[in-house]
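Some notes on the structure that comes next.
The values are calculated or read from the model by the stated rules, or taken from the named source; none is laboratory data. Remember, it's a predicted structure, so these values are computed and weren't measured experimentally. Please note: Cβ atoms are built from the backbone with ideal geometry, for glycine as well, and neighbour counts cover all protein chains shown. We work out accessible area using only protein heavy atoms, side chains counted, and drop any ligands, DNA or RNA first. Shrake-Rupley method; radii C 1.70, N 1.55, O 1.52, S 1.80 Å.
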Amino acid sequence: MRHTFRQAFSSGKFVTGFVILMGLLLLVILYPLIFRAPPLQIIAQGTFFPPGIYVSAYDSINAPTTYTLNLDGAAAKRVAAKLKDEDRVAMKEWLVVAGVPEDQIDISDAQKLLTLWAENYDPAKQVKGMTLARQRYFQRVNNAIQGLLSTEGAIIAVRQPESGALQEAGAVKQTDYVNISEVPNVRILPLGTDNFGRDVFAQLVRAIGVSLLIGIVAGLIATGIGLVLGLLAGYVGGAVDDVINFITNIFLVIPSLVLLILISFSVGQESRGAFTVAVVIGVTSWVWTTRAVRAQVISLRNRDHVNLSKLSGHSLFRIIRGDILPYIMSYVFMALILQISAAILAEANLSILGLGPRTTDVPTLGLMMQWAMIYQAHILGKWWAYFPVLISITLITFSMNLMITGLDQVFNPQLRN
Amino acid sequence: MGKVMLEVNDLTTKYITRYNEDVYAVDHVSLQVEEGKTLGIAGESGCGKSTLALSLMGYYFPPLYYTGGEIIIDGRSISGMKPDDVRRTILGTEIAYIPQAAMNALNPTRRVINFIEDVILAHDPTENKKFIYELARASFETLGLPPEVLQKYPVELSGGMKQRTVIAVSVILRPKVLIADEPSSALDVTSQKMVIKMLKNLMETGFIKSMIFITHELPLLYNVTDDIMVMYAGQIVERASAREAVFDPLHPYSKGLMGSIIVPESGLRDVKLTAIPGAPPNLKNPPAGCRFAERCKYVRAECRYTNVALYDAGPGRAYRCILSEKVLRDCYEHERAIAA
Amino acid sequence: MKGYRRYFLNKAGWFVITLIAAFLLNFFLPRMMPGDPVAAIVARQAQGMSNSTGVQAIYEQYTKLFGTDKPLFQQFFIYMGNVLRGDFGYSFSQYPRTVAEVLSASLWWTVVLQFPAIIFGWVVGNSLGAIAAYRKGGLDKVAMPISILISNLPAFGMAVILLVVFAATLKWLPASGGYAFDMIPSLSVNFLGSALLHYILPFASIVLLAIGGQAIGMRSMAIYELNADYVRYSRFMGIKDNQISRYVFRNAMLPQITGLALAIGTMIGGALVAEIIFSYPGLGTVLLTAISGRDYPLISAVTLIITIMALIANFAIEILYGFIDPRIKAAQSD
């Protein structure tokens, strides 16, 4: 057994796949220990907040200490952030009319644009063919820019409880800074929020865990059934083999998705938890393993060491355990990994069809995908709601396939070249 | 002395493994085969005899590469020819090959006759199919194969029949040299007999002019061949007539090899069965000095660093050992006495 | 020819057996579950529907269609009879349309989308795989990791990525539906043009996935074949390399065909989910609306049709395979 492991780890592909998978597992285990917030809690009012660090505006105004920092270009950055795209396009339009060569104007560089504007804009200038309304518009743009460029701070006012009048409570200068670590309420949302206003990253970590669990449960069930049926068919042979082979051949061509849909729908939304879904996937995907194990066992059945055991009067159980299982174990292990990754995909497919686990208790990768699709995250450009999910699914299946390929190369030397 | 059909001088070829290591599986091999003669090549598995067979074809593809030496067939050197010229004018017509696993040598999805058509058209695209069929039928008949075989797929043929078909296909263009690499090793005894009989008849019926016969089954070797070469670790260690090689080997390795089998000849029955302990060296980095030193009973200190050449020992006879013929014979005599 | 007839009869026999099994499963599976959906549906009639004549009609229809008062095996024969007549009853969610009406349109969308896509992807994937095996150089090193990555993407993943890139971001192609919203299906040039535009992305997503998987399979099959004894022997008999690659390609393709026969069910399943992402008017989208509307008769009909599609495709491939692989005939005539 130890030798087998060492052999497996001698394959670069296996190790790569293993490392990716272990990385994901570590994330799943460690993240909830550090960030204890429940993953499905609705925290945001509104849908699809973009990824980033969220700082409480109220707390940062009231931060215990403010620091004065004189940074170059701070004003320009501020203006750049405020300057809307449409304003920039309008500015460019005016500048071109005023005679600035078009290739010198770069609307993505706010600072240059403003300099050009300051040099060239003349509110009194009459441009031929420009309507009065259009001229007014440019004057408004200019005023807005001037407002942005002002160096005065903002006044903080509080409302008097009795009179309702506003009273100055403090001022925030443009050079005032707060240290984010002194602001009591900061929330990092690495992947923003989803359509329900839930932290996508926390949800994703939990979903990877649940999906892996579904995969493992389903994979164990499928491999278990496949192994037992395959051993019976292959070793016992005769009528048992005929019956099992008959059933296997039937289920081989009936799409397993169909069985999944029928069973999942029949089970009903209310009783369909993550575990039930895993079991359903498990009992519908044993066919390939059965077939493969049967073929392997048939090739082993008449080997000398098996015959010797038979002649020695060993029991069926003992022969299978001692003379057959050890030879197909590496193969069964590969089949198990394959089943796990297939089950994770099956869950995703089912969930997209609306037959995934009921939505209230846990997220799964498939459910996250379904939610993102229903709320059109992909069409609205909210990539953080679906893309990390896709990446996670692909990473899981990719790492598992790498492991299988690696094992295959180790145990089937014929494929090595 | 007959006309030399195949002459090989200092042929060296190597494998490049997927880790980019060079393995010299054929190391400066020279040999000659005359018209009407069969040369046998003997040795343990992994000694390079199959690679030698591949190398003799003069047509190399990865992972086997040609590094030096010359192959001359019927007076015409094929080393240095363009690979496509070798393919068109040499393979099948001058020199032909019967593979080790002849059971799988035929494309499973092509009828025998279609494959023969492919072979002949590859050499002469103008040949018409009717002519090819007549030629194939005639050849098959001469070789004692039923012409129905031509219309069959390889899966429809039994193991022995498949092997005989491969032989018939190999010689269909009447090559001057035939290289047979363990042609009967995968067969049952009856089929084996038929295959050997067929091979022996090839020269009499004029299909081939000379043959190289490779096997690890020494009795067979003795029966089929005129001369024998013993290979060890990519090198020739002994060359002699069949009789001498089997009954009076000089090189300690040949001695061990011949001792490890029972030859059904009277007078040899008393030779004890002695397998040679140990395994051939790794050719990735072959040992300095004599390559057999590690396993040799009569090893001397200088064996491990002296580069041993092939010494002449009379006409058609050579061996690769630093010990003189006399010393070696004394050693063998001594051992025989102890055993008795 | 005798060998082939035997092969054909054997495969036809299996086709009929699996077909019957599919009917049995489609009928019994839902009824064996703890909450028998048919019974629940018939009992729950009044709740889901707002149309009171509809409720009445469906109630009567179902008691008759399913014969819920009769024993199970008798119900099965009623069901079989109905199905063979193409009568799947009324759709719950789209009353007063019948299930047959709902499906007759979408079935063709799916057939026209999926089968060309799977076949095209299969052909291209196999060609690429063979080329990759043959030229072990740059192409193999670049193409294979890409194929492996693609083949690990779930079917819907490929669909989503194509949609986001080509429809939502670049806006080159429409994002959803089978034709423009303002059109009525007809055979006009305008409609066909619109349908073609809408066809490209779903088609591409199925094709790309098929290419990824097939290329990998073909590559390892071809490498296996390239190392086969007959390749070396053919070379030594002076046969040209391109003739040998034809041998290799053909022999490596044969297991790929049986592979396709076995994988066709899974491929159809994956493609259905891809259809959903594009809201393509095929069976996948119908299935989704059926599930969200708890439209049991529609679900049951769709799953049955998908199964039959998979069985027919499988059967067709097996029959074709028998023609192509001479070993089949030889093995059967023994």
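For the residues A:Asp106, B:Asp118, a 1.4 Å probe over the protein chains yields an accessible-area ranking, largest first, of A:Asp106, B:Asp118.
Here B:Lys152 sits with roughly 80 square angstrom of accessible surface, probe radius 1.4 Å. Considering the options A:Ser309, A:Gln203, A:Ile254, tell which one lies farthest towards the positive end of the dipole of chain A, charges being +1 on Lys and Arg and -1 on Asp and Glu at the Cβ, about the Cα centre. Positive-most Cα among the choices belongs to A:Ser309. Placing C:Ser151, B:Ser184 in order of accessible area, with the largest value first and a 1.4 Å probe, yields C:Ser151, B:Ser184.
Taking 18 Å as the straight-line reach from the Cα of A:Lys382, the lysines in range (excluding those fewer than 8 positions away in the same chain) are C:Lys171. Does the protein assembly as shown classify as rounded, prolate or oblate by the C-alpha gyration tensor (a ≥ b ≥ c root eigenvalues; a/c under 1.5 gives rounded; else a/b over b/c gives prolate, otherwise oblate)? Taking the square roots of the gyration eigenvalues as a ≥ b ≥ c, the protein assembly as shown is prolate. The mean count of C-beta atoms from other chains within 10 Å of the C-beta of residues in A:373-383, rounded to a whole number, is 3.
Accessible surface for B:Glu333 stands near 110 Å², nearest 10, in the context of the full protein assembly shown (1.4 Å probe). A:Tyr327 exposes around 120 Å² of accessible area when a 1.4 Å probe is run over every protein chain in place. The Cα atoms of segment B:4-216 give a gyration tensor whose axes a ≥ b ≥ c have a/c of 1.5 or more with a/b greater than b/c, which makes the shape prolate. For the peptide A:391-398, the mean number of other protein chain Cβ atoms found within 10 angstrom of a residue's Cβ is 3.
Setting aside same-chain residues fewer than 8 positions from A:Lys173, which lysines have a Cα under 19 Å from its Cα? Output for A:Lys173: A:Lys77, A:Lys82.
Compactness ratio for segment A:1-105: Cα radius of gyration over 2.2 N^0.38 Å (N = residue count) comes to 2.07.
The packing ranking of peptides A:271-284, B:296-309, highest mean first, is A:271-284, B:296-309, where packing means the average number of other beta carbon atoms within 10 angstrom of each residue.
DSSP loop GluC sites (Glu not before Pro) in segment B:164-247 with at most 16 other Cβ atoms within 10 Å of their Cβ, which ones? Answer in residue order: B:Glu217.
Comparing B:Val166, B:Thr17, B:Ile71 along the charge dipole axis of segment B:4-216, the residue lying farthest to the positive side is B:Val166, per the Cβ-charge model. Summing Lys and Arg as +1 and Asp and Glu as -1 over all other residues whose Cβ lies under 10 Å from the Cβ of B:Val237 gives a net charge of +2.
Return the calculated 222 nm mean residue ellipticity for chain B, to the nearest 500 deg cm²/dmol, obtained by summing -39500 (n - 2.57) across DSSP H runs with n ≥ 4 and dividing by the residue count.
Value at 222 nm, helices only: -9000 deg cm²/dmol.
From the mean inverse distance of alpha carbon pairs (Kirkwood) and the Cα radius of gyration, derive Rg over Rh for chain A.
Taking Rh as the inverse mean 1/r over Cα pairs, Rg/Rh reads 1.19.
The local environment of A:Ala274, defined by Cβ-Cβ distances under 10 Å, has a net charge of 0 under the rule Lys, Arg +1 and Asp, Glu -1. Per residue of C:149-155, other chain Cβ atoms within 10 Å of the residue Cβ number 6 on average.
Count Lys and Arg as plus one, Asp and Glu as minus one, and take only other residues whose Cβ is under 14 Å from that of B:Val224; the net charge is then -1. Checking the Cα-Cα distances for B:Lys255/B:Lys326; B:Lys82/B:Lys130; B:Lys176/B:Lys200; B:Lys82/B:Lys176; B:Lys82/C:Lys240; B:Lys176/C:Lys240 against a 23 Å cut-off, the pairs over it are B:Lys82/B:Lys130. Once backbone amide H atoms are built at 1.01 Å from N, B:Ile41 has B:Phe213, B:Ile214, B:Thr215, B:Met229 as its partners under 5 Å, excluding neighbours fewer than 5 places away on the same chain.
Quick check on chain B: of the DSSP beta bridges with both residues there, what percent are antiparallel, nearest 5%? Percentage antiparallel, nearest 5: 60. Magnitude of the charge dipole for chain A, about its Cα centre and with charges confined to Cβ atoms of Lys, Arg (+1) and Asp, Glu (-1), is about 1080 debye. Only the Cβ atoms of Lys and Arg (+1) and of Asp and Glu (-1) were treated as charged; on that basis the dipole of the protein assembly as shown about its Cα centre amounts to roughly 1100 debye.
Placing unit charges on the Cβ atoms of the charged side chains and taking the dipole of segment A:84-144 about its Cα centre, the candidate lying farthest along the positive direction among A:Phe138, A:Ile107, A:Met91 is A:Phe138. If you count the DSSP beta bridges with both ends in the protein assembly as shown, what percent of them are antiparallel, to the nearest 5? Here the share of antiparallel DSSP bridges comes out near 70 percent. Accessible-area rank, largest first, for C:Thr289, B:Thr13: C:Thr289, B:Thr13, with all protein chains present and a 1.4 angstrom probe. Taking square-rooted eigenvalues a ≥ b ≥ c of the alpha carbon gyration tensor, is segment C:99-288 rounded, prolate or oblate, where a/c under 1.5 means rounded and, failing that, a/b exceeding b/c means prolate? Prolate is the answer for segment C:99-288, as a/c is 1.5 or above and a/b outweighs b/c. Applying a DSSP loop filter and a limit of 12 other Cβ atoms within 10 Å to the chymotrypsin sites (Phe, Trp or Tyr not before Pro) in segment C:110-176 leaves C:Trp172. Cross-link partners among aspartates and glutamates for A:Lys84, C-alpha distance below 18 Å, same-chain residues fewer than 8 apart left out? Filter leaves A:Glu93, A:Asp106, A:Asp109.
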